Amino acid sequence: MKPSEGNASAESDYRVPGTWSVSLAVARVGFAEILRDRILLNIVVLTVLMILASVITAQITPSVTARVLTDFSWGALLVSCFAIALTQGASVVGREIERRTILVALARPIHRAQWLVGKFLGVASVVTLNGVLLFLVSCALVYGMLGSDESLSPLFTRLAAASLLLVQSWVIVAVALFFSTFTTTSLSVVLTVGVYLMGASSSQIRWLAGQSEGPARWVLGGVAAGIPNFDVFHLSRELTYGLSVEWVRVFSGIGYGLIWCVIPLVAGGYLLQKRDL
Amino acid sequence: MKRSEVLHGISFDVPSGSVFGFLGPNGAGKTTLIHLVTGIRRPVSGSVQLQGISTQDPRARAKMGYLPERPYFHEHLTGESFLHYFGSLSGLTRQEVDQKIPKVLHAVGLAHARKHELKSYSKGMLQRIGIAQAILHDPKLLILDEPMSGLDPVGRKEIRELILKLAGEGRTIFFSSHVIPDVEAICDQVAILEKGRLRGCGPISGFLDREGTQKVEVALAGVGSLESLKLPAGRYLDCVSGARAIPEGLRLFVEGRANTTELLARALSIAGVEVLWVNPVRPSLEDFFGQQKSEASNRSPEGKFTNPNAGEV
């Protein structure tokens, strides 16, 4: 189709929005849409469970109550953030395509990668809000019940562990979004879980690569290098035993996580740009 | 996934400021072509350009507004927040969007529903808010994919009037439909697509006034049957495509103006015969479609449809 009249307009006539403006607009809509699904209700459920667990453990394991309660609240935080990151990250693109809401957005003067970054920011914001609220609840419970217990881990360790856990959740969102740009929601969930399991075993895979010879060494080394190492984000040992954590480790972990947010998003943006909707 | 060729060598001009109807049955390739023009799909070969810029380039889409077929929007948004969202995606500042929203909502008749969530909107209101987002950034080209699909007669009329109003503001409107009366009612130009091939393109009058297709409806009183007109066998009977008895007499459809004149002269020469009415019947695009189909079925399987208007992409 070609216009029968008129020349190309001046460059200034073509107003194209900036990446930040597009991504924030998409993120706002995505954030509100996910919250509307009452996803944060899981915090209420987990809080009730934590209170019950704290009451029970205080009675049956009085000597290690702080450790058990810390483990339990930490597990709740991990599972809650992981579940939201996985399910929302894997479904958000598919849902837009299925409902065809994506068509109007992508017919605008934007790049698809900008839209994908917006979707990432929307889901990551929900995960962050969920994580922060649950962290505050768990801290209130633990310090409220066992504030004088010397075996409690330092607050900085808790903050560091929570920060790294959130960054890990962002990485999971980015990986799930990457898979969802070219496959179905259910397959994205499966593949993301696969990447997580392999990434959580990254140290063992590297060790195995070091012990192997020939092609196996290269294959295992490639697998370990091609997926994020989730060990970086885990401070559960320090948390459980009340050990201190170095700043360098925390910030290098956050930096590493942010790099692993960017890599899947860049790849996913490229694939989405090529995809016929 | 196996790829198949959906569109075959399609090329046509859309005059600036026109209401251009893009007509074709379901599965003809209308939406595919629109997706190519809006940059949602990529052509397997060749390129689609708007004013010299590839539609894969966001700049080409800056001057275009688009409403998809049976639009579904984020239903948790209010009409106002929905327009804020699309304003941001169009490169408008918040201040500009704030200024434009009341005007646009007024233009589409939804000023009263700006604070309502989209889930409470009717189908017609959703179409209108969809058109509102398409015109928010004041595009010169508006692409509407089946804008009247699924609407009741009142809703269709409202959307038709809205399209004409937007066209009156100097926009070029390109809209697809498989409903012929909608296209006939508002289009200046039309392109007809069938099975991915362009079957015709040009001013709508060219399709409606094709030579040899004019039919005239004649109603006569005082005549019981065709035989009572005592027409000579052969010629006149061939030119009468339909005859039906009515209480006053006979209602006929006669092919061609010259035949009608002769038939009327013959009828009036008979005593007691009176002309009740003579109505020229404009051929519709439906007739054109029917004609195209019968021509296609008469061609040999190897035969190719030759269309002087069709070019190459």
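A few points about this structure:
- Remark: segment A:19-274 carries a charge dipole of roughly 820 debye about the Cα centre, counting +1 on each Lys and Arg Cβ and -1 on each Asp and Glu Cβ.
- Cα principal axis extents for segment A:148-277, largest first, Å: 60, 41, 25
- Using the average count of surrounding beta-carbon atoms within 10 Å as a protection proxy, the listed peptides A:193-203, A:51-61 rank, highest first, as A:193-203, A:51-61.
- For chain B, modelled as a GNM whose springs connect Cα atoms under 10 angstrom apart, the maximal fluctuation among B:Glu262, B:Glu194, B:Glu184 occurs at B:Glu262.
- The listed residues A:Trp260, A:Trp207, once ranked by accessible area (1.4 Å probe) with the largest placed first, stand as A:Trp207, A:Trp260.
- For segment A:168-174, Karplus couplings with θ = phi - 60° (6.51, -1.76, 1.60), whole Hz, Gly/Pro x: 4, 5, 5, 4, 5, 4, 5
- Solvent-accessible area buried by B and A, counting both chains, probe 1.4 angstrom, square angstrom: 4300
- The angle between the Cα long axis of helix A:112-146 and the main principal axis of chain A comes to about 20°, on a 0 to 90 degree scale.
- Cα gyration tensor category, rounded, prolate or oblate, for segment A:19-274 with a/c compared to 1.5: oblate
- Between B:Gly79, B:Gly202, B:Gly91, the Gaussian network model of chain B with springs among Cα atoms under 10 angstrom shows the greatest mean-square fluctuation at B:Gly91.
- Percent antiparallel among DSSP beta bridges (both partners in the protein assembly as shown, rounded to 5): 60
- Antiparallel DSSP beta bridges within chain B, as percent of all bridges there, nearest 5: 60
- Delta accessible area of at least 20 Å² on complex formation, residues of segment B:20-47, 1.4 Å probe, chain isolated as reference: B:His35, B:Val37, B:Ile40, B:Arg41, B:Arg42
- Stokes-Einstein translational diffusion, segment A:105-211 - Kirkwood Rh over all Cα pairs, 0.692 mPa s, 37 °C, in µm²/s: 195
- Carbon plus sulfur fraction of accessible area for chain B, probe 1.4 Å, in percent: 51
- Rg in Å to one decimal, and Dmax rounded to a whole Å, for chain B via C-alpha atoms: 24.8, 79
- Distant-in-sequence amide H partners of B:Leu193 (H built 1.01 Å from N, under 5 Å): B:Leu23, B:Gly24, B:Arg199
- For the protein assembly as shown, the per residue solvent-accessible surface stands at 47 Å², with DNA, RNA and ligands left out and a 1.4 Å probe.
- Close amide H pairs (under 5 Å, H built 1.01 Å from N) link B:Leu50 with B:Thr55, residues at least 5 positions away or on another chain.
- Chain A: relative contact order in percent, alpha carbon pairs under 8 Å with at least 6 residues between: 26
- Taking 7 Å steps out from each Cα toward its Cβ at A:Gln204 and A:Ala140 produces label points 3.9 nm apart.
- Per-residue ellipticity at 222 nm computed for chain B from its helices equals -10000 deg cm²/dmol, with DSSP H segments shorter than 4 residues left out and the rest contributing -39,500 (n - 2.57).
- Of the solvent-accessible surface of chain A, computed with a 1.4 Å probe and all protein chains present, 68% belongs to carbon and sulfur.
- Shape box of the protein assembly as shown [Cα atoms, principal axes, largest first, Å]: 122, 59, 48
- Using a Gaussian network model of chain B in which every pair of alpha carbons under 10 angstrom is joined by a spring, one finds that among B:Pro68, B:Pro102, B:Pro147 the greatest mean-square fluctuation is at B:Pro102.
The values are calculated or read from the model by the stated rules, or taken from the named source; none is laboratory data. Keep in mind the model is a prediction, meaning the values are calculated, not measured. Reconstructed Cβ throughout: ideal geometry from the backbone, glycine too, with neighbour counts over all protein chains shown. Only protein heavy atoms, including side chains, enter the accessible area calculation; ligands, DNA and RNA are left aside. Shrake-Rupley method; radii C 1.70, N 1.55, O 1.52, S 1.80 Å.
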